[in-house]
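Novice: My questions all concern the structure below.
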Amino acid sequence: MPDHSTFSKNRHGRFRDSDLFRHLFELVLSRCIREGLVGGEAFGVDASIIPADAKRLNKVEAEGWTPERISRATEEYFETLDDAAFGAATPVKPKVLSPVDPAARFTGAKKAYSIFAYSTNYLVDLENAIIVDVEPTAPIRQAEVSAALDMVDRVQEIFGIYPEKFVGDGAYGNAETLGWLVHEKGIEPHVPVLDKSVRQDGTFSRPDFKFDPENDRYLCPGGNELLSSRRAFQTIRTEPEDTETVRYRAAKPDCAVCQLKAQCCPNTATRHITRSVHEGARELAREIAKTDAFVATRHARRKVEMLFAHLKKILGLTRLRLRGPNGARDEFTLAATAQNLRKMAKRLPMAA
Ligand code: SF4
């Protein structure tokens, strides 16, 4: 009989250093590809929150925290502080952390009360619901979106496949993500566009202004133009320049005599409109959202949610057993491998 410590030494040493679980996942996935189970037409993406092995009441103030003892989970916390998937997922620093698993984030996203948790992120080929990539992150939208894009890149790099359609919920519909999908990858975004341009106070919203791409201007409901640059600034601006949006402004004399001013800009002398540099990609996503193909991919996206339901209800991954980002990675990767094996067993005919 091996000594009990052999298991943990192998798990934390040999298995992790050799990236064995990742190799196993990729081996099973390459078999799925070889057997024709991965179509490569549409990839669905989503994330699901899994509670960490950390009691919600055992928390400490994050600011100025120093660990009483350096455990493996603590070491991983310090190692991933600059990692976009964990410590650097958002500029907002956590107020509290768990001393036993400090990389886990305290989140109230899913429960009536907050818990320490990680997210498992799946990239799924929607034809047969085969998981083509899996990645752990903090349960924060920015980290999940960035992991989704990394997974698209990684699948292309390792297996040479990338989808025609990227299917996700509104969390993946920000301008930068849509711009990346359309302009850098040439992938159709089947994603609802995150749009905060509609005003709730009854005044004109951006859709009421017509963009004229040939002349790089907007035309307002009063028939006047809004231009992106009217005059040079007389004083040099000290705040950092926003390179993601362009600001279009109406002329003050036009607005001053306009009959529609009360409906347009009742509290300012003139009206301005901002336009994302990725607006072309956003418009494409809006057009796709009106098609039957979008309705079909929205239904197909439920296959990703079903995989998470299966993960929790059938595989029983309702709480992590291992601590730290690497523990979460091991458990999520093994679970995704098991789900692909199960799918392969169901889809492939039995050998005679
Ligand atoms: S207030 Fe200015 S921007 Fe608004 S409709 Fe009138 S002219 Fe156009």
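Novice: In Å, what Kirkwood hydrodynamic radius results for the range 53-114 from the alpha-carbon pair distances? Before the final figure, lay out each step's value.
Specialist: Values: mean 1/r = 0.0821 Å⁻¹.
It is 12.2 Å.
Novice: Indicate, rounded to the nearest 5 percent, the antiparallel portion of the DSSP beta bridges found entirely in the chain. Provide the component values of the computation, followed by the final result.
Specialist: Working: 34 of 40 bridges.
The antiparallel proportion sits near 85 percent.
Novice: Which FRET efficiency value, to the nearest 0.05, do you get for LYS210 and VAL96 by plugging their Cβ-Cβ distance into 1/(1 + (r/R0)^6) with R0 = 56 Å? All intermediate terms of the calculation are to be shown ahead of the outcome.
Specialist: Details: r = 49 Å, r/R0 = 0.87.
Efficiency, rounded to the nearest 0.05: 0.70.
Novice: For the charge dipole of the chain, defined by +1 on Lys and Arg C-beta atoms and -1 on Asp and Glu C-beta atoms about the Cα centroid, which residue among ILE130, ILE314, PRO94 has the Cα displaced farthest towards the positive pole?
Specialist: Of ILE130, ILE314, PRO94, it is ILE314.
Novice: Can you work out the Karplus-derived ³J(HN,Hα) for every residue in the range 283-297? Use 6.51 cos²θ - 1.76 cosθ + 1.60 with θ = phi - 60°, whole Hz, and x for glycine or proline.
Specialist: My calculation for the range 283-297 gives 5, 4, 4, 5, 5, 4, 5, 8, 9, 5, 4, 5, 4, 5, 5 Hz in order.
Novice: Could I ask something else about it? Based solely on its DSSP helices, what 222 nm [θ] is calculated for the chain when runs of n ≥ 4 H residues each add -39,500 (n - 2.57) and the sum is averaged over all residues, nearest 500 deg cm²/dmol?
Specialist: On the way: 11 runs with 117 residues, N = 352.
Calculated from helices alone, the mean residue ellipticity at 222 nm is -10000 deg cm²/dmol.
Novice: Another question about this same structure. Order these peptides, 206-214, 182-190, 97-105, by their mean beta-carbon neighbour count within 10 angstrom, highest first. Walk me through the numbers on the way to the answer.
Specialist: On the way: 206-214: 12.8, 182-190: 18.2, 97-105: 24.7.
Packing proxy ranking, top to bottom: 97-105, 182-190, 206-214.
Novice: Per-residue counts of other Cβ atoms within 10 Å, averaged by peptide: what ranking do you get for 309-322, 158-171, 136-149, highest first?
Specialist: Working: 309-322: 14.7, 158-171: 17.9, 136-149: 23.4.
The densest-packed peptide leads the list: 136-149, 158-171, 309-322.
Novice: Here's something else I'd like to know. Could you please state, rounded to a whole Å, how far the C-alpha centre of the range 152-203 is from the C-alpha centre of the range 17-39?
Specialist: 26 Å
Novice: Based solely on C-alpha atoms, express the radius of gyration and the Dmax of the range 279-352 in angstrom.
Specialist: Rg then Dmax for the range 279-352, in Å: 17.8, 55.
Novice: For the peptides 82-89, 34-41, 60-67, what is the packing order when you average, over each peptide's residues, the other Cβ atoms within 10 Å and list the highest mean first?
Specialist: So the peptides 82-89, 34-41, 60-67, ranked by packing, come out 82-89, 34-41, 60-67.
Novice: Same structure again: Using only Cα positions of the chain, each an equal point scatterer, no hydration layer, compute I(q)/I(0) via Debye at q = 0.08, 0.11, 0.15, 0.16 Å⁻¹ and quote the log10 values to two decimals.
Specialist: Debye curve over Cα of the chain, log10 I(q)/I(0) at q = 0.08, 0.11, 0.15, 0.16 Å⁻¹: -0.52, -0.87, -1.26, -1.35.
Read-outs: derived from the displayed coordinates by stated rules, not from any lab. In this text, all values refer to a predicted model and were calculated from it rather than measured experimentally. Neighbour counts are summed over all protein chains in view; Cβ atoms, including those assigned to glycine, are modelled from backbone coordinates with ideal geometry.
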